[in-house]
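The values are calculated or read from the model by the stated rules, or taken from the named source; none is laboratory data. Small disclaimer: the values here were computed from a predicted structure and weren't measured. Cβ: placed from backbone, ideal geometry, glycine included. Neighbour counts: every protein chain shown.
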Amino acid sequence: MIAFFKKYKEAMRLRHGWEVELECSKCGHYGIPAYDGWRSSRALSLGNTPQIYAKVSCAECGNGLKHEAGQKVVELFSEIAVPSKNKIFIAWFVACTVGIPLVLTALIYLGVRFGLWGWQSFTILSFMVILIGPAIMFFNYKISSMRRACECGTPAYIFMGLLGRSSCFRCSSCGRLLRMRD
């Protein structure tokens, strides 16, 4: 069981980085910037507003390139569509998380109305409560597995930031771009 949770945690982990060339607005140097790790943020990005977590700076003068990185994310990912497989998983997830409680509510209502309320209803309730956690983990795993399946065969997706509500990834092996919703 511990091995399963380690595998699940590894699947959920994002690999941060920046491997796209940027032009420094201060000195004009064009190239791969220095990547100094990443920082978390609570800012919301809506529409085509990028949210960059990578701390990137010019390799020549050390100027921060967060704005340039944001422009590059918009340039690279604004035309990339979210894969239909990703949309289907999210639709199923929403259907299950909304549908299961609605079914449960209907069962309890019918059980009270027709006098079937008893141990059966509590058994169904307990069973559904037990299944919620594994169902959420399953859908999270299926959605995150998309970024582990690149056409090149050796996926090494790097998280570049958010564009609106979409996560933007770039495969460091082949350069394929992936935009998906989590």
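Quick check on region 110-134: of everything there that is polar (S, T, N, Q) and closer than 20 Å to Cys96 by Cα, which residue is modelled with the lowest pLDDT?
Ser121
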* Members of region 1-17 that are more than 17 Å from Phe138 (Cβ to Cβ) and under 14 Å from the mean Cα position of the chain (by Cα) -> Arg13, Leu14, Arg15, His16
* **Some residue of region 99-108 being touching a residue at least 24 places away in the same chain (Cβ under 8 Å) and under 21 Å from Arg176 (Cα atoms)** => no
* So, of the residues in region 120-151 that are farther than 17 Å from Phe5 by Cβ and under 17 Å from the mean Cα position of the chain (by Cα), which turns out to be surrounded by the most Cβ atoms within 10 Å (Cβ to Cβ)? -> Arg147
* **region 129-149 residues that are in a helix (DSSP H, G or I), paired with ones that are among the charged types (D, E, K, R) (beta carbon under 7 Å, 6 or more apart)** => Ile143/Asp182; Met146/Lys85
* To do: Return only the number of the condition from (1) closer than 22 Å to Pro50 by Cα; (2) in contact (Cβ under 8 Å) with a residue 12 or more places away in the chain that Glu75 does not satisfy.
  => (2)
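Conditions tested, residue by residue: (1) modelled with pLDDT of 85 or more; (2) within 20 Å of the chain's Cα centre (by Cα); (3) buried (at least 16 other Cβ atoms within 10 Å of the Cβ).
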position: Tyr30; (1), (2), (3): yes, no, no
position: Pro33; (1), (2), (3): yes, no, yes
position: Ser41; (1), (2), (3): no, yes, no
position: Leu44; (1), (2), (3): no, yes, no
position: Glu60; (1), (2), (3): yes, no, no
position: Ile88; (1), (2), (3): yes, yes, no
position: Phe93; (1), (2), (3): yes, yes, yes
* Test: residue in region 116-128 that is among the hydrophobic types (A, V, I, L, M, F, W, C), within 30 Å of Lys72 (Cα to Cα) and free of Cβ contacts under 8 Å to residues at least 24 places away in the same chain -> no
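Rundown of residues vs (1) small (Gly, Ala, Ser); (2) in contact with a Cys (Cβ under 9 Å, 6 or more places away or on another chain); (3) not assigned by TED's automatic domain parsing to the domain that holds Gln51, yes/no style:
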site: Gly64; (1), (2), (3): yes, yes, no
site: Val98; (1), (2), (3): no, no, yes
site: Val103; (1), (2), (3): no, no, yes
site: Leu107; (1), (2), (3): no, no, yes
site: Arg113; (1), (2), (3): no, no, yes
site: Thr123; (1), (2), (3): no, no, yes
site: Ile130; (1), (2), (3): no, no, yes
site: Ile143; (1), (2), (3): no, no, yes
site: Ser166; (1), (2), (3): yes, no, no
